[in-house]
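Below: one structure, written as structure tokens.
Nothing in this text is a laboratory measurement; each read-out follows from the coordinates by a stated rule. Predicted model, so just to flag it, every value in this text is computed and none were measured. As a convention, Cβ positions derive from the backbone with ideal geometry for all residues, glycine included, and neighbour counts pool all protein chains shown.
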Amino acid sequence: MTTLQVKDTVLIRAGERIPADGKISKGTTSVDESAITGESLPVEKTHSEEVYAGTVALNGTITIEITKPANETLFQKIIELVQQAKDEKSPSQLFIERFEGTYVKIVLAVVFLMMFLPYLLFNWTLSESIYRAMILLVVASPCALVASIMPATLSAISSSAKNGVLFKGGVHVENLSHIKAVAFDKTGTLTNGKPVVTEAFYKEKDNQNQTLKIVAAIEKYSTHPLAQSIVQFTKEKGLDELASEVLDMKTISGNGISAVVDGDHWKIGKADFVGKEDAMSFLHGVANNLAKEGKTIVFAKKNNEITAVFALKDTIRKDAKNAIALLKKHGITTVMLTGDNELTAKIIAKEAGIDSYIANCLPEEKVTHVKQLREKYKNVSMVGDGINDAPALASANVGIAMGEGTDVAMETADVVLMKNDLTKITEAMAISTKMNKIIKQNVFFSLSIILILILSNFFQLLDLPLGVIGHEGSTILVILNGLRLLK
């Protein structure tokens, strides 16, 4: 097996996955970089531009020169960043474990002393001293204290699971209520992840259905996401397939597609491909206004004139605006981290109601921004769905993955939204807050009961049966209090 070395050249055909980071030395192509950036729309790449391992060349043939060894590729960095995630115990559980170890040693020492000191110092009989020591051993046992956390934690996890939120451990339930800022990925998290046709303009309104049918018939043979979106748009209109045959079809890498239908020559694609001057002047420059709204524009040209313009956009999820509003209502800062361009990021952030955004983020840059947020807000959550989000999910105090996201994201995250509903985040935070409140109640109650029983025993107000009832009863009450979260 041959290992690629720096400066090696590799020929990549349409549909093939790029094996290593490099620069294009020859050719032009559209590259699906969703594995790296999370963005669903392909990126046009030409001579001297960088390409990354794990991405896919959708069309055209390119030759790349390898610029990085396999262990230094961007994809490998993502894997290494994910591996930095570590299992943790909750702060409360760690406190109980530290406290319990010391406490038990102290109790055993005091029990031993109580067997003899009251006999020697307070004129108790030896049998009374030993009896009181045995009662102390029973009532001072930290059973209720130990049971203060786990029943409440398991109840919170179970209740959340029924509500479509999967926690991977008690530490994450406990930490979620302390979150002060939430960072969101854009594509597939705040948005649906696929471009859809939002608007279509035709030169001949009376003939628009026929124009759309011809465009869809040509685009049907393209693998480009924009082409598939136009085909889907046509199906949603309920239009039948075009009866005429599509001939002489050609795909021009990074630009568009051309074909002949009923003797007419059609071009579908970018403004430069169909004729920029004609495209920009179509219907008094409607394309310029659409572009300012962050939409991707596809032009259709029949022979020598533009006949249609399609505006496509990745739309906001139905639950996103409500989820952001709920988080802001609770005083939580929201930030969007996206690999998309500045204009699109700005528009999506405004539509969703996000406080701030950072565009053009590669996976390692998302990690940097999450760490900066942690320095500022201490407790930060990251919500994402893609491979590219995994390092940031691992770096956040609580990583939250969408249930329809990639396996890597769900494996890395601490919490999974199984129903893909962002509003469940605030509901999970409410359960987290309730759980922490119940744990504090249980700890205070269990310590108070232990102290009361110890003092009652020392003043000879308690016998062994009552001591057992007090000890076991407090443990049962603590467990029942924790199970309230199952409601």
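Determine the shape class of the stretch 193-314: with a ≥ b ≥ c the square roots of the Cα gyration tensor eigenvalues, call it rounded for a/c under 1.5, and otherwise prolate if a/b is greater than b/c, oblate otherwise.
rounded
Taking only the alpha-carbon positions of the stretch 86-241 and ignoring solvent, what does the Debye formula give for the base-10 log of I(q)/I(0) at q = 0.09 Å⁻¹?
-0.63
Could you count how many Lys pairs in the stretch 87-229 have their Cα atoms under 15 Å apart, skipping same-chain pairs fewer than 8 positions apart?
Eligible lysine pairs with Cα atoms under 15 Å apart amount to 4.
Starting with the highest mean, order 22-30, 102-110, 213-221 by the number of other Cβ atoms within 10 Å, averaged over the residues of each peptide.
With the highest mean Cβ count within 10 Å placed first, the list reads 213-221, 22-30, 102-110.
Which number comes out as Rg/Rh for the stretch 318-366 once both Rg and the Kirkwood Rh are worked out on C-alpha atoms?
1.00
Once both axes come from the Cα atoms, what is the angle between helix 363-377 and the longest principal axis of the chain, in degrees from 0 to 90, rounded to 10?
40
Can you give the direction-averaged projected area of the convex hull of the alpha-carbon atoms in the stretch 184-245, in nm²?
Quarter of the Cα hull surface area: 5.1 nm².
Return a whole-number percent for the relative contact order of the chain, with Cα pairs under 8 Å and 6 or more residues apart as the contact set.
20
Rounded to a whole number, what is D in µm²/s for the chain from Stokes-Einstein with the Kirkwood radius over alpha-carbon pairs (25 °C, 0.890 mPa s)? If you can, show how the numbers build up before the last one.
Details: Rh = 26.8 Å.
It comes out at roughly 91 µm²/s.
Going by the alpha-carbon gyration tensor, a ≥ b ≥ c the square roots of its eigenvalues, is the stretch 9-72 rounded (a/c under 1.5) or, if a/c is not under 1.5, prolate (a/b greater than b/c) versus oblate?
Numbers: a/c = 1.63, a/b = 1.09, b/c = 1.49.
Verdict is oblate for the stretch 9-72.
Using the Karplus curve 6.51 cos²θ - 1.76 cosθ + 1.60 with θ = phi - 60°, work out ³J(HN,Hα) for each residue of the stretch 134-143 in order, rounded to whole Hz, and write x for Gly and Pro.
Working through the residues one at a time gives 5, 4, 4, 4, 6, 6, 8, 4, x, 4 Hz.
Would you kindly calculate the translational diffusion coefficient of the stretch 395-487, applying Stokes-Einstein with the Kirkwood radius from alpha carbon pairs, for 25 °C and a viscosity of 0.890 mPa s, and quote it in µm² s⁻¹ without decimals?
149
Among the DSSP beta bridges whose two residues both lie in the chain, what percent are antiparallel, rounded to the nearest 5?
Bridges in the chain that DSSP calls antiparallel: roughly 70 percent.
Run the quick spin-label model on Lys220 and Asp355: label points 7 Å from Cα toward the beta carbon, then report their separation in nm to one decimal.
5.0
Hey, how much of the P(r) for the stretch 368-430 falls beyond 13 Å, as a percent of Cα pairs?
Percent of Cα pairs beyond 13 Å in the stretch 368-430: 56.
For Lys7, go through the aspartates and glutamates and keep the ones whose alpha-carbon is under 13 Å away, minus same-chain ones fewer than eight residues off.
Asp21, Glu65
Name the residues whose placed amide hydrogens come within less than 5 Å of the amide hydrogen of Asp314, ignoring near sequence neighbours (fewer than 5 apart) on the same chain.
Sorted by chain and number, the residues that satisfy this are Val196.
Report, in degrees rounded to the nearest 10, the 0 to 90 angle that the Cα long axis of helix 225-236 makes with the longest principal axis of the chain.
For 225-236 against the chain, the angle is about 90 degrees.
Take the alpha carbon gyration tensor of the stretch 263-358, find the square roots of its eigenvalues, order them as a ≥ b ≥ c, and report rounded if a/c is under 1.5; if not, report prolate when a/b exceeds b/c, else oblate. Don't jump to the answer; show the numbers that get you there.
Details: a/c = 3.68, a/b = 3.21, b/c = 1.15.
Prolate, because a/c is 1.5 or more and a/b exceeds b/c.
What's the center-to-center distance, using Cα atoms, between the stretch 121-160 and the stretch 264-290 in Å?
80
Could you give me the ³J(HN,Hα) list for the stretch 475-481, computed from phi with Karplus coefficients 6.51, -1.76, 1.60 and θ = phi - 60°, whole Hz, x at Gly and Pro?
Those phi angles translate into 5, 5, 4, 5, 5, 4, 4 Hz.
Just from its helices, what would the mean residue ellipticity at 222 nm be for the chain, if runs of 4 or more DSSP H residues each count -39500 (n - 2.57) and the sum is divided by every residue, rounded to the nearest 500 deg cm²/dmol? Write down the numbers at each step before the final one.
Working: 20 runs with 223 residues, N = 487.
Result for the chain: -14000 deg cm²/dmol, rounded to the nearest 500.
Given Leu120, Ile358, Met249, which one lies farthest toward the positive end of the charge dipole of the chain, if we put +1 on the Cβ of every Lys and Arg and -1 on the Cβ of every Asp and Glu?
My answer, from the dipole projection, is Leu120.
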